[in-house]
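Some notes on the structure that comes next.
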Amino acid sequence: MILQGKQFSFWTLVLLSATFIYLIIRARQGKAPSIRRLPGLDAIEEAVGRATEMGRPVHFSPGIVELTHERAPQTLAGLSVLSYVASLCAKYDTGLVTTIMKPDVYVVAEDIVKNAFLVEGKGERYRPDMVRFIGAEQFAYGAAAVGIMHREKVAANIMIGAWYAESLMVTEGGAQTGGIQITGSATVAQLPFLVIASDYCLMGEEIYAASAYLSKDPTQLAVILGQDLAKAATIAIMVVGAVLLAFGSDVVVRLINS
Amino acid sequence: MKSTVPVVITAVIGIVMILDFFLPVQSVNNMASLLQSWGIVISAFAMGLGAVNLLRRHTGIIAKGEKSMLYSLLLVGSMILTIIVGLFFGTGSKLYDFLFTNILSAASSTLYASIAFYILSAAYRAFVAKNLDGWILLLTGVVIMLGTAPIGAVISKFFPAASQWIQDIPNTAGMRAIMMGAALGVVSSAVKTFLGYDKSYLGQGE
Amino acid sequence: MMRSLQSIPRSWLYVILIVLLAWPLIKPIGIKLDISDETRRCYEAIESLEPGSVVVFGFDYSAGNKAEMEPQALAVLRHLLRRNVKVIGLAFVEQGPILGEQAFQKTGWTEKQYGVDYINLGYRAGGQGTVAAFANDIPGTFNTDISGKPSTSFPIMEGIKTAADIDLIVTIAPGTPGPEDYVRQVFSSYQTPLVCGVPAVAITQVAPYVQAKQIKGILGGSPAAAQYELLIEQPGDAVAAMDAQSLAHLLIVAVIILRNIGYLAEKKASNNTANPSGRGTHS
């Protein structure tokens with residue numbers, strides 16, 4: 001029934017999904033796991049606080065890919081963090097500038113920021129220019145974001161999402177403003193740039209953990225536990241496979257290729 | 001109801017696409033092909049939505065006579081010009097090619113090239129041997145810099161060999177680890193989205 | 001004096017960089033260029049194609065990254081022209097088709113017969129989903145060529161249904177859709193050989209797929225394009241740019257060293273201020 005060569009992947013996916021669902025049900029029954037600290041996410045409140053003290057705005061970007069893109073989960077992770085950042089900005093009456101490169105993300109981001117201000121009871125403080133759509137051209141976006149950060153003297157730059165070659169332009173441009181920088185991405189090729197140009201950087205799956213970490217929602221925390229269990233299983237398969245290969249048995253390789 | 005319907009649509013479409021990857025069942029494959037065609041059409045519409053959005057925002061700026069009006073005028077003017085040339089002369093025409101090569105391509109390449117300056121200033125700022133991590137970053141950076149440019153091999157064959165080793169062994173190992181972690185993160189995001197625990201794509205935040 | 005090395009004005013560094021980049025472009029130095037194994041693997045993948053083979057060429061780059069990606073595309077297209085194979089050009093990024101047209105013109109493909117020896121099928125939106133659709137149904141996904149004529153009306157498309165009918169896929173892609181999408185959606189189902197060109201920073205991201213033999217070879221950034229130009233004995237823009245790149249890299253290494261000399265000097269000076277006798281604080 002299942003295509004040859006994809007059987008292992010299929011059953012792994014089924015097992016993984018079943019584990020996630022089981023852990024979610026367990027969490028809803030009150031057995032929520034705890035999660036290790038993520039300094040990058042803890043620093044967001046500090047960054048917004050610093051911006052508040054300095055009377056300067058916070059810049060936020062959820063990356064440069066659209067919601068239909070294969071890297072859209074990174075954009076969604078960024079949007080979850082945007083919701084948190086917008087709430088903090090609303091609570092502390094801090095300025096917020098969200099720059100967006102993709103039109104579909106713009107519509108969603110606008111809704112998120114507006115909602116966050118309403119929920120904090122500060123609906124009247126929301127301004128449409130808190131979310132700005134900048135044309136869908138990669139480097140034009142990068143240049144515009146750097147320009148905005150310099151002109152508006154942002155005190156904090158938070159960028160969580162998928163990035164490409166413009167990542168260094170935006171983060172280094174942000175660093176030159178002297179503000180605190182918190183970045184995150186699962187686009188591995190851009191991580192070195194983000195790491196050297198930021199104060200805090202969330203790497204890989206850490207950005208997917210962001211919404212669970214910030215919301216402390218038990219069901220989302222359960223999914224993080226599932227991710228860690230899956231990671232442990234992956235490591236176990238790799239170690240067993242390597243040891244068996246060293247002893248001349250390719251059983252694990254054949255299983256994976258089945 | 002307002003958020004349940006989109007969640008159900010997302011889950012059903014997602015599951016069909018996953019099954020299409022694994023199962024050689026004609027009805028599933030046909031449905032996936034249909035959904036892929038819809039995806040292509042929706043993506044094309046999203047581009048149109050972007051153009052309308054951009055036009056709306058910048059005509060608003062022009063109408064209000066804001067400070068940045070000049071840039072908005074430039075943007076709207078070049079947008080209309082490109083649309084007219086594309087529609088009436090075709091995207092294969094010499095005029096369209098002229099606009100593309102001499103304006104868009106030139107401007108984009110210039111901005112891309114400006115990354116060289118950012119690399120220089122980032123390297124100058126960040127590559128400081130303050131601790132062991134700093135030393136590792138610094139030495140690796142120098143070896144890769146020299147190993148990936150022809151001058152490295154002229155100075156010593158050590159640089160390209162060491163650079164290749166760093167890229168093939170420690171770097172690839174690290175990248176694989178991050179990729180696997182991120183892949184698991186994507187699966188967990190999909191489960192959360194399909195079950196309706198993550199609705200950030202509907203603009204509802206947390 | 002030494003401490004001032006920690007704060008060299010950025011503008012000075014930028015001016016030096018411009019001079020170092022421009023000078024060798026005007027007056028080449030001719031630094032010797034070695035061919036990497038990776039580039040040679042790509043060359044061999046194309047060299048092993050039989051005349052008449054069908055190659056899909058993905059122009060998956062845009063104007064912004066043209067400077068780094070186009071030299072790779074041109075070098076590979078020139079090689080393909082020499083191998084006498086058929087090329088189906090297509091794109092999963094918006095600006096790909098027009099850059100494809102320019103690349104076909106620059107490499108002499110336009111002297112061959114359009115629709116018989118080569119074709120430009122234009123762009124289809126939708127990212128990885130469209131790459132999957134392409135793999136399963138090439139004429140259905142790219143149902144017209146760039147001028148809007150039905151793709152199946154061209155002789156080159158005869159017998160082309162799925163990715164299984166393609167002998168090699170070349171994608172020149174700085175981002176997504178790119179090599180990883182072709183591996184997931186095309187190679188995993190059809191095992192069509194794949195060669196890709198990526199920017200230098202993306203080599204590490206794609207390298208695991210080469211080690212897993214899912215991609216035959218990668219061209220990484222301008223150095224690979226320059227090496228490819230030398231392999232096909234047609235030195236072009238990429239070879240010319242290599243001297244500039246070498247000097248820029250040397251400058252970066254130099255400023256890193258200067259910055260660290262400044263840092264160490266400052267550290268030493270502050271240690272001396274804290275402990276003027278020069279004796280250690282521990283007994």
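Between C:G197 and residues 5 or more places away or on another chain, which pairs have amide H atoms under 5 Å apart, with H built 1.01 Å from N, and which residues are they?
Under 5 Å from the amide H of C:G197: C:T171, C:I172, C:A173, C:L219.
Rounded, prolate or oblate for the stretch B:73-113? Axes are the square roots of the Cα gyration tensor eigenvalues, ordered a ≥ b ≥ c, and the cut-off for rounded is a/c under 1.5.
Oblate, because a/c is 1.5 or more while a/b does not exceed b/c.
Sticking with the crude label model, points 7 Å out along Cα→Cβ, report the distance from A:A233 to B:Q26 in nm, one decimal please.
Placing both labels 7 Å beyond Cα along the Cβ direction yields 3.5 nm.
Ordered by residue, what ³J(HN,Hα) values in Hz, to whole numbers, does the stretch C:4-12 give under the Karplus form 6.51 cos²θ - 1.76 cosθ + 1.60, where θ = phi - 60° and Gly and Pro are x?
In residue order, the calculated couplings are 5, 5, 7, 9, 5, x, 4, 4, 5 Hz.
For B:K64 and B:I42, compute 0.36 nm times the residue count separating them, minus their Cα-Cα distance, and round to one decimal in nm.
Fully extending the segment from B:K64 to B:I42 adds 4.7 nm.
Kindly express, to the nearest 10 degrees and within the range 0 to 90, the angle between helix C:96-106's C-alpha long axis and the longest C-alpha principal axis of chain C.
Tilt of helix C:96-106: around 90 degrees.
For helix A:206-215, report the angle its Cα long axis makes with the longest principal axis of the Cα atoms of chain A; keep it between 0 and 90° and round to the nearest 10°.
70 degrees
Which value, in debye to the nearest 20, gives the size of the charge dipole of chain C about its Cα centre, when Lys and Arg are +1 and Asp and Glu are -1 at the Cβ?
The dipole magnitude comes to about 1220 debye.
Amide H of C:T144: which non-local residues (sequence gap of 5 or more, or other chain) have their own amide H closer than 5 Å, using H built in the peptide plane?
C:S151
Which angle between 0 and 90 degrees, to the nearest 10, do you get for helix A:39-54 versus the longest principal axis of chain A when only C-alpha atoms count?
0 degrees
So if R0 is 51 Å, what FRET efficiency would C:S270 and C:R41 give, r being the distance between their Cβ atoms, rounded to the nearest 0.05?
0.50
For A:T98, enumerate residues with amide H under 5 Å from its amide H, sequence gap 5+ or separate chain, H modeled in the peptide plane.
Those lying under 5 Å, H to H, from A:T98 are A:F60, A:V131, A:R132.
I'd like the Karplus ³J(HN,Hα) series for the stretch A:13-26: coefficients 6.51, -1.76, 1.60, θ = phi - 60°, whole numbers in Hz, and an x wherever there's a Gly or Pro.
The phi angles translate into 5, 4, 4, 4, 5, 4, 4, 4, 5, 4, 5, 5, 4, 4 Hz.
Check each of the GluC sites (Glu not before Pro) in the stretch C:176-258 and keep only those in coil by DSSP with at most 14 other C-beta atoms within 10 angstrom; list them in order.
Qualifying residues, ordered by number: C:E233.
Extending each Cα 7 Å along its Cβ direction at C:T152 and A:Y92, get the distance between those two points in nm, one decimal.
6.2 nm
Take the cross-link list B:K94/C:K213; A:K102/C:K66; B:K199/C:K149; A:K91/C:K267 and give me the ones stretching past 32 Å between alpha-carbons.
Checking Cα-Cα distances, B:K94/C:K213; B:K199/C:K149; A:K91/C:K267 exceed 32 Å.
Treat each spin label as a single point 7 Å out from the Cα along the C-beta direction, and report the C:V19 to B:T82 distance in nm.
Those two pseudo-labels are separated by 3.8 nm.
How large is ³J(HN,Hα), in whole Hz, for each residue of the stretch A:248-253 in order, when computed from phi with the Karplus curve 6.51 cos²θ - 1.76 cosθ + 1.60 and θ = phi - 60°, using x for Gly and Pro?
For the stretch A:248-253, the Karplus-derived couplings read x, 10, 9, 4, 5, 4 Hz, x marking Gly and Pro.
Please say if chain C is rounded, prolate or oblate, where rounded means a/c under 1.5 for a ≥ b ≥ c the square roots of the C-alpha gyration tensor eigenvalues, and otherwise the choice is prolate for a/b larger than b/c and oblate otherwise?
Prolate is the answer for chain C, as a/c is 1.5 or above and a/b outweighs b/c.
Counting only C-alpha contacts under 8 Å and six or more residues apart, can you give the relative contact order of the stretch B:9-136 as a whole percent?
9 percent
Quick one: if the Förster radius is 51 Å, what FRET efficiency do C:K27 and B:N131 give, using the C-beta to C-beta distance and rounding to 0.05?
0.75
Looking at chain A as a GNM with Cα springs under 10 Å, which of A:V170, A:V65, A:V240 has the largest mean-square fluctuation?
Greatest mean-square fluctuation among the candidates belongs to A:V240.
What are the trypsin sites (Lys or Arg not before Pro) within the stretch C:129-214 that DSSP puts in a loop, where the Cβ has at most 10 other Cβ atoms within 10 Å?
In loop regions of the stretch C:129-214 (DSSP not H, G, I, E or B), the sparsely surrounded trypsin sites (Lys or Arg not before Pro) are C:K213.
Mind checking the mean number of beta-carbon atoms from other chains within 10 Å of the Cβ atoms in A:220-229?
Taking all residues of A:220-229 together, the mean is 3.
Let me make sure I get this right: for the protein assembly as shown, a, b and c are the square roots of the gyration tensor eigenvalues over alpha carbons, sorted descending. Under 1.5 in a/c it's rounded, otherwise prolate if a/b > b/c, else oblate. Which is it?
Rounded.
List the trypsin sites (Lys or Arg not before Pro) within the stretch B:1-106 that DSSP assigns to loop and that have no more than 13 neighbouring Cβ atoms inside 10 Å.
Answer by residue number: B:K2, B:K67.
Using a 10 Å cut-off on Cβ atoms, rank the peptides B:85-91, A:181-187 from the highest mean neighbour count down.
Final packing ranking: A:181-187, B:85-91.
Counting partner chain Cβ atoms within 10 Å of every residue's Cβ in A:193-205, what's the average?
Taking all residues of A:193-205 together, the mean is 4.
Placing unit charges on C-beta atoms (Lys and Arg positive, Asp and Glu negative, everything else neutral), compute the dipole magnitude of chain B about its Cα centre in debye, rounded to 20.
That gives chain B a dipole magnitude of about 440 debye.
Among B:128-137, C:121-130, B:192-201, A:115-124, what's the highest-first ranking by average C-beta atoms within 10 angstrom per residue?
C:121-130, B:192-201, A:115-124, B:128-137
Calculate the dipole size of the protein assembly as shown relative to its Cα centre from +1 charges on Lys and Arg beta carbons and -1 charges on Asp and Glu beta carbons; express the result in debye to the nearest 20.
Dipole about the Cα centre, nearest 20: 1460 debye.
No value in this document is a laboratory result; all are computed from the given coordinates. Everything numeric in this text was worked out from a predicted model, so none of it was measured. Methodologically, a virtual Cβ is constructed for each residue, glycine included, from the backbone with ideal geometry; neighbour enumeration extends over all protein chains shown.
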